[in-house]
Amino acid sequence: MESIILFVIGIAVLVFSAEKLIEYLVGVASRWTISLFLIAVVFTGIEFDDLAFGIVLNLEDLSEVALGTVIGTTVAMTGIVLAIAAIIAPCAVDVPKDYLALFVAAPILMLAFALTGFLTVAAGVVLLLLFVAFVGYIAYREYAARRPVFRNAEVYEQLEKVGAGVGGGSTGSAGLGGDRTTTGGTGGGFDLPPDLRVDQGFLRARSHSPGVGLGLAVLALLGLIIGAVAAGQATEGVIETLGIEGTVFGVTIATLALSLEDIFLTAEPQRRGAPEIAVANVVGSVVFSVTGKLGIILLAGGEIEVDDDVLAWHLPVLIVMTAIAAGFLATGRLRRWHGIVLLAFYVVYFVVSLVAFGGVPLDD
């Protein structure tokens, strides 16, 4: 029971610290001329909590759980996170086709390495370099296309000038019932866009200097690591208590817990009228999980043996789910039925994984 409590506390610290990290980094980055999609890929796609969790698991000789968590969280990004976002807030999306091609290609590359039977340190180096190349390509494409910077940066600057939201004044929020909202302080008022919901966390983060903001982000990152260590150390006890096979624990219980943050980071921006953040979070997270995250886990903890269940079931499901999600995104609009289809596929995957592949305890 103590292991289960420690695991729950560790996951709670992970989620809280991740939210604070995003808040501080976006608060600083919104002052710079960096595209919204690129910011979201880097700051939400690179999931420090999942990465730290996977490293600890592999170092603790729980490589099956580490690999299961990589696959499980990646499947959950489309089957749970994107699905819930589409169900809650269907909306138009605009994702370049080459981004979607890379989105689908990433898990196929992972499968190519896994077919050898072992994911080696050398494979980890290649996967990590591929993720660096992916981020570099996104940065180049976003710069070349002169895509908009952080969506609400100019509005937040105006709010700060009139003293709204931070340090006094009043703050209005739109998209909650009225057509437009006027806000003002000592400097007068102006109209907010109708689909904007002012994020007080971002306003507070923008009030810090870049140095202070980055310092607070480092503290949040330390919180992620502490939470990951706590959850990782408790994992072996949870497996023994529940009698669940390691890979299945990774793709089920651990995955659902670690997906809470991504559900919020995808569904909420979608609902507030900033789907770029939501889509970039999903695309970036999937590519990072099967390239950069897996690569770092291999470099930190050594090679991982790939069992037959992973090759016959988990990885094929991952590739199919990613391809289906890419097809929905390519239509230019996420619809509610898209989310229902993705969620239904995930439920089937969850049940089959638990029933057909979860009967053998890890100790056996």
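The values are calculated or read from the model by the stated rules, or taken from the named source; none is laboratory data. What you see is a predicted model, and the numbers here were worked out from it, not measured in a lab. Please note: Cβ atoms are built from the backbone with ideal geometry, for glycine as well, and neighbour counts cover all protein chains shown.
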The lone condition Gly124 fails out of (1) surrounded by 18 or more Cβ atoms within 10 Å (Cβ to Cβ); (2) outside any helix (DSSP H, G or I); (3) not aliphatic (A, V, I, L, M) is (2)
Could you go through segment 59-66 and let me know if any residue there is part of a helix (DSSP H, G or I), in contact with a Ser or Thr (Cβ under 7 Å, 6 or more places away or on another chain) and either buried (at least 24 other Cβ atoms within 10 Å of the Cβ) or modelled with pLDDT of 75 or more (or both). yes
Take Phe357 and decide whether it is touching a helix residue (DSSP H, G or I) at 6+ places or on another chain (Cβ under 8 Å) and more than 20 Å from Ile88 (Cα to Cα). yes
Matching residues in segment 67-91 - criterion: being in contact with a Gly (Cβ under 9 Å, 6 or more places away or on another chain) and at pLDDT 90 or above: Leu82, Ala83, Ala86, Ile87
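Let me confirm something: among Ile71, Ile84, Ile108, Ile138, which residue is surrounded by fewer than 17 Cβ atoms within 10 Å (Cβ to Cβ) and either touching a Ser or Thr at 6+ places or on another chain (Cβ under 9 Å) or not in a helix (DSSP H, G or I) (or both)?
Answer to the check: Ile108.
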Which one of Glu19, Glu47 is closer than 16 Å to Val287 by Cα, at pLDDT 70 or above and not aliphatic (A, V, I, L, M)? Glu47
Exactly one of these conditions fails for Thr331: (1) within 30 Å of Ala92 (Cα to Cα); (2) of a type in the set (Ser, Thr, Tyr); (3) modelled with pLDDT under 95. Give me its number. (3)
